[in-house]
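Everything below concerns the one structure shown next.
Values in this text are rule-based calculations from the coordinates and carry no lab data. Just so we're clear, the structure is a prediction, and the values are computed from it rather than from any experiment. Cβ placement follows ideal geometry from the backbone for every residue including glycine, while neighbour counts extend to all protein chains displayed.
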Amino acid sequence: MKPPESAARTVIPIAVSKDASPISPPEGAGPLMVSLYEAHQKIYPRSVSGKFARLRWATVFLTQLLFYGLPWLPWGERQAVLFDLAARRFYIFKLVLYPQDFIYLTGLLVICALSLFLFTAVAGRLWCGYACPQTVYTEIFMWIERKTEGDRIAHMRRDEGPWNWDKLWRKSLKQVLWLAVGLWTGFTFVGYFTPIHVLAGEAAQWSFGSWEMFWVFFYGFATYGNAGYLREQVCKHMCPYARFQSAMFDKDTLIVGYDQARGEPRGSRARTADPAALSLGACIDCNLCVHVCPTGIDIRDGLQYECIGCGACADVCDQVMDKMHYPRGLVKYSTEHAIRERWGIGEIWRHVFRPRVLLYTAVVWLIIGILTISLVTRAPFKVDVERDRKSLARELAGGVIENVFRLQIMNVTESELRLHVQVDGLPGLRPVSEEALIVAPAQSRWFVLRLQLPPGQATPGSHPIHFEIDGQDDTRVLKEKAVFIVPR
């Protein structure tokens with residue numbers, strides 16, 4: 001049965017190219033296909049120079065110098081930073097941390113989270129634009145791409161052109177260099193968990209352990225894929241920070257912004273033309289701000305969640321303004337209030353340091369202070385006391401009551417510790433140890449300690465006692481609670 005002509009046609013969403021033109025089906029035709037999705041368009045960012053580009057590359061050099069260099073930095077007979085998961089010890093320069101020091105990791109994560117809130121409230125996505133690993137490695141991979149395939153126009157022409165020897169060797173060299181950087185990054189990452197000199201020896205003989213090989217290739221190919229191919233897709237679709245940043249922004253947050261009142265109406269003109277006579281703004285509509293953007297947005301459309309605050313558009317726009325002999329700052333770091341109200345630098349900074357920012361700052365420094373004091377004043381050893389599970393208590397010859405305890409002593413320094421144990425809580429109670437309490441540097445040992453009580457000193461039942469452990473070369477004393485049991 002034929003449906004009436006007034007009946008609504010079925011609409012089926014499909015993914016088609018961005019450039020596909022709409023097609024009107026003939027009368028009485030089948031379902032109408034309507035595009036609700038846009039196929040991904042590859043972005044070819046143009047290289048740019050300027051103060052923000054220099055700052056971005058300085059951050060790249062600094063972060064990578066730390067990342068690639070720290071595992072090779074010696075500290076005594078070990079590397080300076082090593083997270084030894086097998087031995088359950090974490091070395092950070094002079095610090096030796098155990099799993100029991102998890103509170104310090106918690107404090108560090110809290111500081112990082114609050115710092116992210118603070119930096120975002122002050123200056124938007126500075127982390128994303130300058131220090132995020134995704135941004136840093138994307139910059140490195142794009143630099144390799146430009147050196148092998150040319151800048152934006154040459155790269156686009158080469159991609160659109162036919163395959164030939166020039167295109168083949170350039171793309172092959174790029175892939176080899178990308179893989180080399182990715183695998184070296186994976187090797188360095190694993191070097192923080194396995195001593196990197198040992199890892200280098202294993203690599204030379206190709207004798208990696210299974211887990212070491214897995215993480216070298218996993219982290220290496222993750223770097224290769226994210227920085228080489230996904231790039232801005234990670235920032236736009238995979239990273240949650242872009243989604244909730246709007247909750248931390250306000251009208252006084254420093255962002256990369258376009259001065260619409262000064263730039264509009266935009267239009268091309270001769271360099272010697274008077275824009276006022278042509279009823280034009282300062283923007284010459286060259287689209288260079290779009291060409292240099294690593295996420296492919298147009299900053300002139302206003303603040304967008306895809307903007308990572310790298311400042312590339314500000315750099316290239318300043319260059320255009322210089323060539324046109326216009327004042328700089330059509331695209332700049334500023335605030336929405338400042339651009340609208342035409343504020344100067346002093347007024348901008350007075351509004352940047354608002355109550356929320358001062359509160360974040362105070363809390364961050366308070367936690368940093370507490371964490372630092374805790375690390376500086378912590379004891380050079382840790383003690384865990386456990387009762388021997390074989391027997392709660394036993395009576396020896398002469399009526400002496402004995403309880404057996406096991407002490408785990410962890411040396412958090414890199415020098416040998418000699419310890420002394422005392423017990424209080426019951427008159428006449430004395431510790432008896434079969435060996436000296438000596439713990440090697442950065443090691444953990446179990447000791448068996450017997451407590452003996454003369455007869456008639458306590459009634460049957462459990463009695464609270466305290467272990468006092470002190471280092472012979474240190475005045476600090478650790479106290480641990482326990483219970484001494486007198487049998488009936």
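Some notes on this structure:
- For the pair Tyr68 and Glu468, a Förster radius of 60 Å applied to the C-beta separation gives a FRET efficiency near 0.80, rounded to the nearest 0.05.
- Rounded tilt (10° steps) of 165-190 against the dominant C-alpha axis of the chain: 20 degrees
- For the residue pairs Lys171/Lys323; Lys174/Lys251; Lys390/Lys481, the alpha carbons lie more than 32 Å apart in Lys171/Lys323; Lys174/Lys251.
- Placing unit charges on each Cβ (+1 for Lys and Arg, -1 for Asp and Glu) gives the stretch 178-258 a dipole about its Cα centre, and among Leu179, Phe208, Ala247 the Cα reaching farthest toward its positive end belongs to Ala247.
- Taking Cα atoms only, the orientation of helix 355-377 departs from the longest principal axis of the chain by about 30 degrees.
- Note on the stretch 318-402: with charges restricted to the Cβ of Lys and Arg (+1) and Asp and Glu (-1), its dipole about the Cα centre is near 280 debye.
- Sites Asp166 and Trp446 - FRET efficiency at Förster radius 56 Å, r taken between beta-carbons, to 0.05: 0.25
- In a reduced charge model with +1 at each Lys and Arg Cβ and -1 at each Asp and Glu Cβ, the chain shows a dipole moment near 520 debye about its Cα centre.
- Label-reachable residues, the stretch 57-75, where backbone N falls under 11 Å from a point 7 Å from Cys239's Cα toward its Cβ: none
- A simple charge model with +1 on the Cβ of Lys and Arg, -1 on the Cβ of Asp and Glu and nothing else charged puts the dipole of the stretch 381-486 at about 360 debye relative to its Cα centre.
- Between Ala261 and Arg406, the contour length at 0.36 nm per residue exceeds the Cα-Cα span by 44.6 nm.
- Whole-number percent relative contact order across the chain, with pairs defined as alpha carbons under 8 Å at least 6 apart: 13 percent
- Positive dipole terminus of the chain, leading residue within Leu453, Leu429, Val412 (C-beta point charges): Val412
- Residues of the chain were split at every exposed loop site, defined as GluC sites (Glu not before Pro) in a DSSP loop with at most 13 other C-beta atoms within 10 angstrom, and the longest piece left, sites excluded, is 78-415.
- (i) 46, 33, 20; (ii) 38, 29, 19; (iii) 64, 29, 26, with the label sought being that of the calculated semi-axes √(5λ) of the Cα gyration tensor in Å: (iii)
- Each Cα pair under 8 Å and six or more residues apart adds its sequence gap; the mean of these over the residue count of the stretch 266-374 is a relative contact order of 16 percent.
- Positive-end extreme of charge dipole, the stretch 130-173 - chosen from Trp143, Ala131, Trp163 (charges on Cβ): Trp163
- Among beta bridges from DSSP that stay inside the chain, the antiparallel ones total about 90%.
- Between helix 51-69 and the chain there is an angle of about 30 degrees, using the helix long axis and the longest principal axis of the Cα atoms.
- Label-point separation in nm, His197 to Glu306, each point 7 Å along Cα→Cβ: 5.0 nm
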